[in-house]
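The values are calculated or read from the model by the stated rules, or taken from the named source; none is laboratory data. A quick note: this is a predicted structure, and the numbers were derived from the prediction, not measured. FYI the Cβ positions are ideal-geometry reconstructions off the backbone, even for glycines, and counts take in every protein chain you see. Accessible surface areas use protein heavy atoms only, side chains included; no ligands, DNA or RNA. Shrake-Rupley method; radii C 1.70, N 1.55, O 1.52, S 1.80 Å.
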Amino acid sequence: HSWGSVVAYEGLSKGGEVSLFLSQNPLLQKQITLATLGAGLNRVRIMVEGSRSPHAKPRLTRPLIPSILWLNLYSRYDPVCAGRLDPELKAMSGLPDASITERRVINLDDPINDHGAYWNNTELVVPRLVRAINGGNAYPFPEATLQPRMVQHRLTTVAKIATLRLLFSFTSIANAIA
């Protein structure tokens, strides 16, 4: 999550700590699932490009080790991830498109609180994480699946909260003008 995705990316990139460990232990080499939520990778990439430090460039330009399946979850109002992964970052990862799955989730539709709301999103985030941890295969138990009724409940609840925020904003503005 967040800046931890940068640490994970570096560790899983060629020449990173995990890559080096796996190269020394061939019996442990297997498919690895990288799950990022509200990943700060886009922001770090922008900072690295603008940096004058000689150590900044190699950080997010190394490709990932090829045995990775990457699940990236992002919320449309999360200011840290700023949407989908940057296409150049995806290309630099060296992974084929089939190894990268991106899903937009609806947390709270709130730019202030969306970044921290992934962990409480039991309808859209947790089931996808469970499936990713299970190697992208079927859900390991029925309660972990995406349940349309629960997803619809979340969408309705978030829409009601957004409507209340708008009403409060309009009321505040009207009171300030009056």
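Which residues, counting only those in the range 93-124, are touching a Leu at 6+ places or on another chain (Cβ under 7 Å) and either closer than 16 Å to Leu41 by Cα or hydrophobic (A, V, I, L, M, F, W, C) (or both)?
Of everything in the range 93-124, those that are touching a Leu at 6+ places or on another chain (Cβ under 7 Å) and either closer than 16 Å to Leu41 by Cα or hydrophobic (A, V, I, L, M, F, W, C) (or both) turn out to be Ser93, Gly94, Leu95, Thr101, Glu102, Arg103, Val105, Ile106, Ala117.
Which of the residues that make up the range 81-105 are open to solvent by 30 Å² or more (accessible area, probe 1.4 Å) and either part of a loop (DSSP other than H, G, I, E, B) or of a type in the set (A, V, I, L, M) (or both)?
Ala82, Arg84, Asp86, Ala91, Met92, Gly94, Pro96, Ala98
May I ask you to say which residue of Leu71, Leu129 is under 26 Å from Ser23 (Cβ atoms), open to solvent by less than 50 Å² (accessible area, probe 1.4 Å) and not β-branched (Val, Ile, Thr)?
It is Leu71.
For the range 1-30, what are the residues that are open to solvent by 70 Å² or more (accessible area, probe 1.4 Å), of a type in the set (S, T, N, Q) and not in a loop (DSSP other than H, G, I, E, B)?
If the condition is that a residue be open to solvent by 70 Å² or more (accessible area, probe 1.4 Å), of a type in the set (S, T, N, Q) and not in a loop (DSSP other than H, G, I, E, B), then Ser23, Gln24 are the ones that fit.
Output the residues belonging to the range 59-68 that are part of a loop (DSSP other than H, G, I, E, B) and open to solvent by less than 100 Å² (accessible area, probe 1.4 Å).
Leu60, Thr61, Arg62, Pro63, Ile65, Ser67
Restricting to the range 1-43, give me the number of residues that are of a type in the set (Phe, Trp, Tyr) and under 17 Å from Leu71 (Cβ atoms).
Selection size over the range 1-43: 1.
Looking at Ile112, is it touching a residue at least 60 places away in the same chain (Cβ under 8 Å) and out of contact with any Phe, Trp or Tyr (no Cβ under 7 Å at 6 or more places or on another chain)?
When the stated conditions are applied, Ile112 does not pass them.
Within the range 38-58, count every residue that is assigned to a loop (DSSP other than H, G, I, E, B) and either over 19 Å from the mean Cα position of the chain (by Cα) or surrounded by fewer than 18 Cβ atoms within 10 Å (Cβ to Cβ) (or both).
Result for the range 38-58: 8.
One residue is enough: does the range 17-27 have a residue meeting the conditions within 16 Å of the chain's Cα centre (by Cα), within 20 Å of Gly94 (Cβ to Cβ), modelled with pLDDT under 90 and not hydrophobic (A, V, I, L, M, F, W, C)?
no
All but one of (1) open to solvent by 80 Å² or more (accessible area, probe 1.4 Å); (2) modelled with pLDDT of 95 or more hold for His115; state the number of the condition that does not hold.
Unmet for His115, out of (1) open to solvent by 80 Å² or more (accessible area, probe 1.4 Å); (2) modelled with pLDDT of 95 or more: (1).
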